[in-house]
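Undergrad: Got a structure for you, questions after.
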Amino acid sequence: EEGRLLTTPQEPPRSRYNQNPLILNDQDIKIEQAQRPSRYNPNPLTEEQKYRILFKDLETLERKLKKYGWKGLSRKDQEELGLKRELVELYEINQRDKTNAFKIDQNNFAKEENDRKKSTFQKDDKRTRQQLWEEQQLGNSVTRSNTDEICLPESERYEYVFDKEAMIDFTDNTDDMLEDSNEEDASDEEDEEKKELLTQLQTEIDRIKTVTDSRKLLPVYAFRKELMEAVDKNQALIIVGETGSGKTTQLPQYLVEDGYTQGNKYQIAVTQPRRVAAMSVAARVSDEMNVVLGKEVGYSIRFDEKTTAGKTILKYMTDGMLVREFLADNELSKYSCIMIDEAHERTLATDVLLGLLKNIMKKRPELKLLISSATVNAKKFSAFFDNCPIFNVPGRRFPVDIHYTLQPEGNYINAAITTIFQIHTTQPLKGDILLFLTGQEEIENTREKIEEISSKLGSRIPQLLITPIYANLPQEQQANIFQKTPDKCRKVVLATNIAETSLTIDGIKYVIDPGFVKENSYVPSTGMTQLLTIPCSKASVDQIAGRAGRTGPGKCFRLFTKYSYENELEAMPRPEIVRTNLSNTVLLLLSLGVKDLLNFPFLDKPQISTLTKSLENLYVLGALNSRGQITDLGKMMCEFPCEPEFAKVLYSAATHAIAGGVLEQCLSIVSMLHETTSIFIGSKKEATARIVSEIDSDHMLYLKVYEDWKNSNYSRSWCQDHKIQYRTLLRVRNIRNQLNRTCIKLGISEKNLILMGENGVPENLIGSKVTKSFVSGFPLNIVQLKSGGYQTIGKSKGGLNVNIHPSSVIFQNQKEKGKKLDKFILYQQLMLTSKEFVRDCIPIPTGTWLVEMVPQIFSNLN
Ligand code: ADP
Ligand code: MG
């Protein structure tokens, strides 16, 4: 028993609530403590009893009301209902929490005004029945004043080790442990009563949670008036609040309700760093506003827009999309309010937006700018916008116990899975688990493993409901994470850091944090972007821990040591702008007429070397001339809703004297390359074998898949037969249509037709033309075969040794079919994991193609 979890220096005490104190069941203990008088609740039992009786009566009446309607009630019932509602409300007012003061950084606010606000706020703050009960049961023993901090009660005293043995060990003992928690359920009469009350409350909460009512339960609701006054008085306002307090879903609705759109005249834009968040929040808000998604409320993400011209007033969009809107209208004049949400994530697009917005604020004094952020960074944003006020919405967050491993974990996935089953088998139900992982592949693999173990355990454990969430997950599956966990079941959400702040999932009680994140890192000296798995920052892991304390006290299991937390983690994540390739951004800013990049108002200045490198890259692509001015080609590239490199591919495929005439093919390939992570069901190799016996490159494979599907009349059954994801191909088709429209608009489709000639490009030339087009777009993504294998060229002097990723058809051709090695290979992605891998490759048989297409770089090629 003791081998499983080591507790140091002393074991948690046994109690009647927890006979088997492997993990301290702190919630029970707190309920026990909650019976003690405190200044919030001097006489807990009698107060509670009173409330309980009152509440029960009221509930019966409300139920009657629901069933028979107001007219169906007797006079007496009507009177009683009114009276009891009032009493409950009175009780709530009495109980309201006075310490949770309304804080607002009054950089610009006079102090008296602030005081006045404080008093109005207190009158308005009626706590809900649910909150009230929660506070009674739990809050009394909790210091409520420092809501911004994660409490670490006893974390010094208890540390857990996740021993690999543990999993095997505890699977044998599952029945015992379950019995334990069952016994506990029935053991205590008082406990039983509480449970009953809890069930009643749950019914009540469920009833209350009609959409409109649940809006009023959110923390921002209490500040609606003050918030809107602050918006009215200030052009820019920073809003800080716990995740789940209602910033994203509510504030924009308040703006609509308060007439900021003047009917249909103006729109409100809300930006999100993530596509998933933009879509799912828009869906939620259209629900709350009781409108059809895509009409009054819509969203806009790259390659997917759901809005209606003249009708949409509230638009959720990715930050990148709003940046692009500057191209069409550089003062964003159709918007009356812009909310930059999750600004603390500091994506490149958010940083660029902030700079661009700062520039137009003076020209558009009536424009309102809201910036919502986690606590970190708020001061920095305020300073950036001339010390605008920071509005702090006090959140409700319960204490979160934080546990560390005693030793560093070699395999965090195994450790995470072990922890999931430890929690599941030792902790009573109700309490879902959220596990953070670094990406889609990791999530899908982990999910399989968990399902395997759980099916082996069968009925010995309560059911586990595994729901993944990551950016590429089909939309209808994304919604699963929000679904209420069925009874006798525990939900396990496997998420990327998407769930760190932008999505709020109710019911999470346990968070498992391996402490890693995938981060793009650009090295200007070599011009390469690496996708690295790196340790999270302190700010992120604290944010992640907070996810456990949203609906009640929670636990966070960190799969790293306390020492590592204290000594090894960076304080903050690095903003994207200092670690990413800036070619797109530079091109965009130049085409917006920003000439002096060095003095553009960046929140954090990018590295000069990165800027220089971007200018160089753009010059190589022909987007800039030798004086650094944007060329016509550069302006065209900006028009494309894709990276300038892809735009260049399409441009060459349509217009280049040697490579031209293959625009149609390249459109399909480029579109497919946008969705490579979710094309195949199961292994790519298997699917490939079903489609084609021999193919030279990943690019041509993608082309073949798309064309075969097209020839099947875009049929679903073709996809099923060939193990291809139908939905992904639908998205690809959509991307292709948009790129195609751009080509037509820019007149390059016409040129392509001319180069195609009357009979089209001969079959045997298509492959080489496609390859050459890609060389012109990605001249820096090329590796050369040297004596020690493939090495990067055209970048740094030394050259980096790389391997071809096993998923590539080139790998299969070379390793499995024994084909001769190609001299050069162009790749789309370089991944640095255990080895350097290149992905999505196309072979280039001879160096002359390189010289032909990009003489600026390859003229000296040997
Ligand atoms: P914030 O932006 O402050 O983090 P949100 O406005 O995103 O908060 O969320 C407010 C509340 O709305 C959450 O606590 C959650 O209960 C609910 N909510 C948000 N999005 C969804 C959704 N897609 N489905 C169901 N409930 C949601
Ligand atoms: Mg939000």
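The values are calculated or read from the model by the stated rules, or taken from the named source; none is laboratory data. Computed from a predicted structure; not experimentally measured. In this analysis, Cβ positions are derived from the backbone assuming ideal geometry, glycine residues included, and neighbour counts consider all displayed protein chains. These accessible areas exclude ligands, DNA and RNA; they are computed on the full protein's heavy atoms, side chains included. Shrake-Rupley method; radii C 1.70, N 1.55, O 1.52, S 1.80 Å.
Undergrad: Among the candidates Ser583, Ser502, which residue alone is closer than 30 Å to Leu332 by Cα, among the small types (Gly, Ala, Ser), within 16 Å of ligand 2 (Cβ to nearest atom) and open to solvent by less than 20 Å² (accessible area, probe 1.4 Å)? Walk me through it before giving the result.
TA: On the way: Ser583 fails: within 16 Å of ligand 2 (Cβ to nearest atom).
Checking each option against the conditions leaves just Ser502.
Undergrad: With the condition kept exactly as written, say whether any residue in region 444-460 is among the polar types (S, T, N, Q) and either within 17 Å of the chain's Cα centre (by Cα) or within 16 Å of ligand 2 (Cβ to nearest atom) (or both).
TA: Let us first name the residues in region 444-460 that are among the polar types (S, T, N, Q), namely 445-446, 454-455, 459.
Retained after the next criterion (residues that are either within 17 Å of the chain's Cα centre (by Cα) or within 16 Å of ligand 2 (Cβ to nearest atom) (or both)): none.
No, region 444-460 has no match at all.
Undergrad: If a residue has to be part of a loop (DSSP other than H, G, I, E, B), in contact (Cβ under 8 Å) with a residue 12 or more places away in the chain and open to solvent by 20 Å² or more (accessible area, probe 1.4 Å) to count, how many in region 818-861 make the cut? Talk me through it step by step, then tell me what you get.
TA: From region 818-861, those part of a loop (DSSP other than H, G, I, E, B) are 818-823, 833-835, 845-846, 854, 859-861; that's our starting set.
Those left that are additionally in contact (Cβ under 8 Å) with a residue 12 or more places away in the chain: 821-823, 833, 835, 845-846, 854, 861.
Now restrict to residues that are open to solvent by 20 Å² or more (accessible area, probe 1.4 Å): 821-823, 833, 835, 845-846, 861.
The number of residues fulfilling the criteria is 8.
Undergrad: Now for a different question. Out of the residues in region 505-539 that are in contact with a helix residue (DSSP H, G or I) (Cβ under 7 Å, 6 or more places away or on another chain) and within 16 Å of ligand 2 (Cβ to nearest atom), which is nearest to Thr612 (Cα to Cα)?
TA: Ile505
Undergrad: Here's something else I'd like to know. Quick test for you: out of Val281, Val270, pick the one residue that is part of a strand (DSSP E or B) and within 14 Å of ligand 2 (Cβ to nearest atom). Outline the logic, then answer.
TA: On the way: Val281 fails: part of a strand (DSSP E or B).
It is Val270.
Undergrad: Right, next: If we scan region 461-476, do we find a residue that is open to solvent by 30 Å² or more (accessible area, probe 1.4 Å), within 16 Å of ligand 1 (Cβ to nearest atom), within 20 Å of Lys430 (Cα to Cα) and under 17 Å from the mean Cα position of the chain (by Cα)?
TA: Scanning region 461-476, I find no residue that is open to solvent by 30 Å² or more (accessible area, probe 1.4 Å), within 16 Å of ligand 1 (Cβ to nearest atom), within 20 Å of Lys430 (Cα to Cα) and under 17 Å from the mean Cα position of the chain (by Cα), so the answer is no.
Undergrad: Also: For region 361-391, what are the residues that are polar (S, T, N, Q) and either surrounded by fewer than 20 Cβ atoms within 10 Å (Cβ to Cβ) or in contact with a Cys (Cβ under 6 Å, 6 or more places away or on another chain) (or both)?
TA: Filtering region 361-391 down to residues polar (S, T, N, Q) leaves 372-373, 375, 377, 382, 387.
Within region 361-391, Thr375, Ser382, Asn387 meet the criteria.
Undergrad: Right, next: So for region 285-308 (the condition being of a type in the set (Ser, Thr, Tyr), open to solvent by 10 Å² or more (accessible area, probe 1.4 Å), more than 14 Å from ligand 1 (Cβ to nearest atom) and farther than 24 Å from Met361 by Cβ), does at least one residue qualify?
TA: Of all residues in region 285-308, those of a type in the set (Ser, Thr, Tyr) come to 286, 299-300, 307-308.
Narrowing further to those that are open to solvent by 10 Å² or more (accessible area, probe 1.4 Å): 307-308.
Filter once more, keeping what is more than 14 Å from ligand 1 (Cβ to nearest atom): 307-308.
Now restrict to residues that are farther than 24 Å from Met361 by Cβ: 307-308.
Within region 285-308, one or more residues are of a type in the set (Ser, Thr, Tyr), open to solvent by 10 Å² or more (accessible area, probe 1.4 Å), more than 14 Å from ligand 1 (Cβ to nearest atom) and farther than 24 Å from Met361 by Cβ.
Undergrad: While we're here: Can you tell me which of (1) away from ligand 2 (no atom under 11 Å from the Cβ); (2) assigned to a loop (DSSP other than H, G, I, E, B) is the one Ser245 doesn't meet?
TA: (1)
Undergrad: Can Lys704 be described as open to solvent by 10 Å² or more (accessible area, probe 1.4 Å) and either under 27 Å from Ile754 (Cα atoms) or part of a loop (DSSP other than H, G, I, E, B) (or both)?
TA: Details: open to solvent by 10 Å² or more (accessible area, probe 1.4 Å): yes; either under 27 Å from Ile754 (Cα atoms) or part of a loop (DSSP other than H, G, I, E, B) (or both): yes.
So Lys704 passes the test.
Undergrad: Just for strands (runs of 3 or more DSSP E) wholly inside region 322-396: which have at least 1 residues that are more than 16 Å from ligand 1 (Cβ to nearest atom)? Steps first, please.
TA: On the way: elements: 335-340, 368-373, 390-393.
The strands (runs of 3 or more DSSP E) meeting that bar are 335-340, 368-373.
Undergrad: I would also like to ask the following. Has region 412-420 got any residue that is of a type outside the set (S, T, N, Q) and open to solvent by 10 Å² or more (accessible area, probe 1.4 Å)?
TA: Going through region 412-420, the residues of a type outside the set (S, T, N, Q) turn out to be 412-413, 415-417, 420.
This time we only want the ones that are open to solvent by 10 Å² or more (accessible area, probe 1.4 Å), so: 412-413.
For region 412-420, residues of a type outside the set (S, T, N, Q) and open to solvent by 10 Å² or more (accessible area, probe 1.4 Å): present.
Undergrad: Would you list the strands (runs of 3 or more DSSP E) that sit entirely within region 496-605 and hold 2 or more residues that are at negative phi and at pLDDT below 90?
TA: On the way: elements: 508-513, 516-523, 528-535, 554-558.
Strands (runs of 3 or more DSSP E) meeting the threshold: 516-523, 528-535.
Undergrad: A further question follows. Within the group Pro394, Pro408, Pro399, which residue is crowded, with 21+ Cβ neighbours inside 10 Å and within 30 Å of Thr561 (Cα to Cα)?
TA: Details: Pro394 fails: within 30 Å of Thr561 (Cα to Cα); Pro408 fails: crowded, with 21+ Cβ neighbours inside 10 Å.
Selected residue: Pro399, the only one of Pro394, Pro408, Pro399 that is crowded, with 21+ Cβ neighbours inside 10 Å and within 30 Å of Thr561 (Cα to Cα).
Undergrad: Quick check on this structure: which one of Met228, Met279 is under 20 Å from Lys368 (Cα atoms) and aliphatic (A, V, I, L, M)?
TA: Values: Met279 fails: under 20 Å from Lys368 (Cα atoms).
Just a single option satisfies the conditions, and that option is Met228.
Undergrad: Can you name the residue in region 346-355 that is open to solvent by 10 Å² or more (accessible area, probe 1.4 Å) and aliphatic (A, V, I, L, M) and is also farthest from Leu255 (Cα to Cα) among such residues?
TA: The selected residue is Leu348.
Undergrad: Turning to a different aspect of this structure: Could we say that Asn813 is assigned to a strand (DSSP E or B) and open to solvent by less than 60 Å² (accessible area, probe 1.4 Å) here?
TA: Values: assigned to a strand (DSSP E or B): no; open to solvent by less than 60 Å² (accessible area, probe 1.4 Å): yes.
Considered against the rule, which asks whether it is assigned to a strand (DSSP E or B) and open to solvent by less than 60 Å² (accessible area, probe 1.4 Å), Asn813 comes out as no.
Undergrad: Still on this structure, I have one more. Name the residue, out of Tyr266, Tyr254, that is open to solvent by 10 Å² or more (accessible area, probe 1.4 Å) and not basic (Lys, Arg). Outline the logic, then answer.
TA: On the way: Tyr254 fails: open to solvent by 10 Å² or more (accessible area, probe 1.4 Å).
The unique qualifying residue is Tyr266.
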